[in-house]
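Chemist: Here it is, the structure in full.
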Amino acid sequence: MQHAIKERPPPKIVVSEADYNRLTGLAEAALERLPDAAGSLLAGMDRAVITKPGKLPADVVRMGSLVTLEGHEGPQRIVLVYPAEADIAAGRISVLTPLGAALIGTRAGQAIAWSTRDGRRLAAKVAAVEMLADERVP
């Protein structure tokens with residue numbers, strides 16, 4: 001059974017200066033190819049609170065985060081990555097997907113909503129955020 005998703009304003013997000021600069025450039029470069037995801041990512045960057053290096057709270061989703069989502073299909077674990085590192089079968093989700101753009105900068109405990117590329121509206125709760133030890137994040 002599908003649950004109606006109540007529209008609410010997007011959550012406040014927090015990003016590091018490095019992620020802000022790299023993600024804004026990435027989204028601007030992808031506007032013609034992926035207008036919806038790139039536009040969502042730019043909208044997120046527009047409302048983001050930008051932090052100094054080393055000041056980002058541990059429970060904030062950033063590039064390379066292992067995120068546990070709770071949704072209608074049960075818990076799901078994914079890693080948020082740049083497009084070249086994406087592999088859906090391995091649970092590596094690009095920040096230039098609707099889900100990836102919705103996740104960046106959110107915190108554990110926040111609810112997110114996004115539209116799939118086929119027009120469905122989905123929602124989930126960010127249950128946990130971890131940094132993978134082997135991820136190289138600028």
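The values are calculated or read from the model by the stated rules, or taken from the named source; none is laboratory data. Just so it is clear, the structure is predicted and the values come from calculations on it, not from any experiment. A quick note on method: Cβ atoms are made from the backbone with ideal geometry, for glycine too, and the neighbour counts reach across all protein chains shown. Note: areas computed on protein heavy atoms with side chains; ligands, DNA, RNA excluded. Shrake-Rupley method; radii C 1.70, N 1.55, O 1.52, S 1.80 Å.
Chemist: For the stretch 85-95, state whether one or more residues are out of contact with any strand residue (DSSP E or B) (no Cβ under 8 Å at 6 or more places or on another chain), open to solvent by 20 Å² or more (accessible area, probe 1.4 Å), in contact (Cβ under 8 Å) with a residue 40 or more places away in the chain and not β-branched (Val, Ile, Thr).
Modeler: no
Chemist: Only residues that are under 15 Å from residue 106 (Cα atoms) and buried (at least 20 other Cβ atoms within 10 Å of the Cβ): list them for the stretch 35-55, please.
Modeler: Selection gives 40, 41, 44, 45.
Chemist: So which residues in the stretch 103-134 are open to solvent by 20 Å² or more (accessible area, probe 1.4 Å) and under 11 Å from the mean Cα position of the chain (by Cα)?
Modeler: Across the stretch 103-134, the qualifying residues are 107, 113, 114.
Chemist: Exactly one condition in (1) part of a loop (DSSP other than H, G, I, E, B); (2) at pLDDT 95 or above; (3) among the hydrophobic types (A, V, I, L, M, F, W, C) is false for residue 56; which is it?
Modeler: In the conditions (1) part of a loop (DSSP other than H, G, I, E, B); (2) at pLDDT 95 or above; (3) among the hydrophobic types (A, V, I, L, M, F, W, C), residue 56 misses (2) alone.
Chemist: Scan the stretch 19-42 and report the pairs whose first residue is closer than 17 Å to residue 121 by Cα and whose second residue is of a type in the set (Ser, Thr, Tyr), with Cβ atoms within less than 6 Å and a gap of 6+ or a chain change.
Modeler: Pairs that qualify, where the first residue is closer than 17 Å to residue 121 by Cα and the partner is of a type in the set (Ser, Thr, Tyr), are 37/97.
Chemist: Does residue 27 count as assigned to a helix (DSSP H, G or I) and in contact with a helix residue (DSSP H, G or I) (Cβ under 9 Å, 6 or more places away or on another chain)?
Modeler: Answer is yes for this residue.
Chemist: I've got another one for you. Consider residue 77 carefully, then state whether it is on the phi < 0 side of the Ramachandran plot and exposed (fewer than 13 other Cβ atoms within 10 Å of the Cβ).
Modeler: yes
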